Each structure stands twice: as C-alpha cells, then as structure tokens.
1. Report the residue count in segment A:20-47 for those that are aliphatic (A, V, I, L, M), out of contact with any Ser or Thr (no Cβ under 6 Å at 6 or more places or on another chain) and surrounded by 15 or more Cβ atoms within 10 Å (Cβ to Cβ).
2. Residues being in a loop (DSSP other than H, G, I, E, B) and closer than 27 Å to B:HIS29 by Cα: count how many of those fall in segment B:64-86.
3. What are the residues in segment B:90-106 that are in contact (Cβ under 8 Å) with a residue 12 or more places away in the chain, within 22 Å of A:GLN39 (Cα to Cα) and within 11 Å of another protein chain (Cβ to nearest Cβ), if any?
4. Is it the case that some residue within segment B:49-61 is more than 14 Å from chain A (Cβ to nearest Cβ) and either more than 22 Å from A:ARG95 (Cα to Cα) or surrounded by fewer than 13 Cβ atoms within 10 Å (Cβ to Cβ) (or both)?
5. With respect to B:LYS41, is the statement that it is closer than 29 Å to A:ASP31 by Cβ, within 13 Å of chain A (Cβ to nearest Cβ) and part of a loop (DSSP other than H, G, I, E, B) true?
6. Does B:ASN70 meet the test of being farther than 18 Å from A:SER42 by Cβ, without any contact (Cβ under 8 Å) to a residue 40 or more places away in the chain, surrounded by fewer than 17 Cβ atoms within 10 Å (Cβ to Cβ) and facing another protein chain (nearest Cβ under 10 Å)?
7. Picking from B:THR2, B:THR16, B:THR7, which residue would you name as being more than 10 Å from chain A (Cβ to nearest Cβ), in contact (Cβ under 8 Å) with a residue 60 or more places away in the chain and under 16 Å from B:GLY109 (Cα atoms)?
Amino acid sequence: AQTVTQSQPEMSVQEAETVTLSCTYDTSESDYYLFWYKQPPSRQMILVIRQEAYKQQNATENRFSVNFQKAAKSFSLKISDSQLGDAAMYFCAYRRLRNFGNEKLTFGTGTRLTIIP
Amino acid sequence: ETGVTQTPRHLVMGMTNKKSLKCEQHLGHNAMYWYKQSAKKPLELMFVYSLEERVENNSVPSRFSPECPNSSHLFLHLHTLQPEDSALYLCASSQDSRGGMNEQFFGPGTRLTVL
C-alpha cells in the first residue's frame, strides 16, 4: 500500500523568506502523480502544485516549486518570498496512475506553516 | 455558486440523531468523494462515486450512508454516530478521464461534532 509521510508537523518562516516542506512516499509503482494541497484556516483545500512522476523536470507555479527526487521517493515543496497568506496546513498527496480514473489520493498528515511578520 | 459547496458548515448532533451532509459541485465533474479529516491523521477516503455509481467504500461503518442522486450532488446520511466520528468531512469532485491527472477539487467541509 502506498504511504505518504510528512515528518514536520509544524514549520515557521519569516515573511519574505524561503521555506521547504518535506514529503516522502512509499510506492512500488513507476507511474504516479504527486500533489501539494494547501488548507487555509477557512478549510477550503486547494491544489498548490502537481508533478507527474514520468517528468524529470521539477514543477513550478510562481513562488511554489518542488524538488522531486524519484529514486529517493522524495517530493519537497519550496515556497519562496513567503507571504502572510501562505499560512496554512500543507498536505502532500500521492495518486497512482491508472488507465481510468477514480484512483484515490493518499495524503500525508500535513505540515502547519506559520508565517512570522 | 462556483466550485464545490457543502452544507451545513457546522453540525452538532447527539448520538441518536439522524442528519445528512450535502455536497454540490458546479464544475461538471463526473466523480465525487467523501473524506474524513481528523486531527493529526491523514485524510481518510470514505466513498467514491463515479457516474453516480459507488466505486469505492473503504470499510466505513454502516452508520455512514452515502447517496449520489446525480453527478452534481452527493449526500452523507448519518445515524447513531459515536463521539469518535467528530471530524471535518470534506467533499471533493474530479473529472476522471483515461490516464488523466484527474485533479480533485475540494469543498470547505462540514465540521461535525457528536455529543
């Protein structure tokens, strides 16, 4: 079974600085997707960034980027120029590639990120 | 309304009550999901519906009963719950296609407290 581990329950960063959230996963699959979701205090979970395992290039979305190390099964999220609005719970998630959908997301336990003004 | 909506946002119920959670998606998706989010635990997938047919049921107790009358609506009927069922219940939807990433969009959740 796939598992996702986020070893940092809480992180804090000074506003405008850079922070990296770690995520490791366990799978025997070779093709899959990885996601970072953000859940602000309002509770609406939103997708931050995603990575296809077959792509070697790390995904980037504005201030958010990932360091995807497939051999190490590591998928960390880097937030540059941290802003107050980045404060949230961040969840790493894994999804196996399947020929047709409905494949479930496996989530980590989350990292609570605090931004220090 | 846009995205995925859930009602009510907060619910307090006794163990003998019967209540229902509602989810509606306005994205034209063909799959909907119920998740349970408890403190310090990973999100737990409870049910998946694809094209209004239940395709996954992750050993959820029978006191939780899902219903998907159409591709836009999903309900979670609750009866004789236990205090340990108190959690945030999240609904999600996705447009599932062959080999696609099938990103899931989440609703804001219903905070359920069972007394």
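Just so you know, all these numbers are worked out from the coordinates, no wet-lab data involved. What you are looking at is a predicted structure, and each value in this text was computed from that prediction instead of being measured. Reconstructed Cβ throughout: ideal geometry from the backbone, glycine too, with neighbour counts over all protein chains shown.
1. Summing the residues that are aliphatic (A, V, I, L, M), out of contact with any Ser or Thr (no Cβ under 6 Å at 6 or more places or on another chain) and surrounded by 15 or more Cβ atoms within 10 Å (Cβ to Cβ) in segment A:20-47 gives 3.
2. Residues of segment B:64-86 that are in a loop (DSSP other than H, G, I, E, B), as a first pass: B:71-72, B:80-82, B:86.
With closer than 27 Å to B:HIS29 by Cα added as a condition, the list becomes B:71-72.
Number satisfying all stated conditions: 2.
3. Narrowing segment B:90-106 to residues in contact (Cβ under 8 Å) with a residue 12 or more places away in the chain: B:90-96, B:102, B:104-106.
From the residues that got through so far, the ones that are within 22 Å of A:GLN39 (Cα to Cα) too are B:90-95, B:102, B:104-106.
Answer for segment B:90-106, where residues must be in contact (Cβ under 8 Å) with a residue 12 or more places away in the chain, within 22 Å of A:GLN39 (Cα to Cα) and within 11 Å of another protein chain (Cβ to nearest Cβ): B:LEU90, B:CYS91, B:ALA92, B:SER94, B:GLN95, B:ASN102, B:GLN104, B:PHE105, B:PHE106.
4. Yes.
5. On the way: closer than 29 Å to A:ASP31 by Cβ: yes; within 13 Å of chain A (Cβ to nearest Cβ): yes; part of a loop (DSSP other than H, G, I, E, B): yes.
Taking the combined requirement at face value, the residue satisfies it.
6. Details: farther than 18 Å from A:SER42 by Cβ: yes; without any contact (Cβ under 8 Å) to a residue 40 or more places away in the chain: yes; surrounded by fewer than 17 Cβ atoms within 10 Å (Cβ to Cβ): yes; facing another protein chain (nearest Cβ under 10 Å): no.
Here the answer is no, as B:ASN70 does not meet what is asked.
7. Details: B:THR2 fails: in contact (Cβ under 8 Å) with a residue 60 or more places away in the chain; B:THR16 fails: under 16 Å from B:GLY109 (Cα atoms).
Exactly one of B:THR2, B:THR16, B:THR7 is more than 10 Å from chain A (Cβ to nearest Cβ), in contact (Cβ under 8 Å) with a residue 60 or more places away in the chain and under 16 Å from B:GLY109 (Cα atoms), namely B:THR7.
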